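> Pasting in a structure now, in structure tokens, and then I'll have a few things to ask.
What follows is calculated from the coordinates using simple rules that are stated; it is not laboratory data. Since the structure is predicted, the reported quantities are computational estimates derived from the model, not experimental observations.
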Amino acid sequence: MKCFHRVSVATAAVLALAGCQTSEEHQSAIDANVSARLTQFNGVSLAEFQSRTGMLPIDAYPVSEGRVFVFRTAPVYMTLPATNVTPMITRAAQCQLLIRAVHNGGAGAADNWIIKGTERTGPCNNLSV
């Protein structure tokens, strides 16, 4: 038992030094980073968001507190190689970013919509924020 303890401690030390993490931990860290970068836009105008990111909404719809603006990134293509049993499969996925904003008066221009929060789905790791 003592030998096993030494091996497991040594293994743990090597893994800690190597910065080993699971894919779930890695994705969680990326998601936290993207969330933090998106949070910096809360309270700024939609025009400023567009100016700083270069992203433009593709759609918008009204909600009780204002409007949700829909942004999508270019598709990301993922390919699974062919095997003896299955053909090669390629699929596309897009990041969809929803920005909830309230109108602060004036015309309906992007300057008058203030960001209150965001939600996202899909492969958003490389979101330009």
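> Mind listing the long-range amide H neighbours of residue 60? Cut-off is under 5 Å, sequence gap 5 or more, other chains count too, H placed in the peptide plane at 1.01 Å from N.
Amide H to amide H, under 5 Å and 5 or more residues apart or across chains, residue 60 pairs with 70.
> Could you check how many percent of all C-alpha pairs in region 71-129 are farther apart than 20 Å?
50
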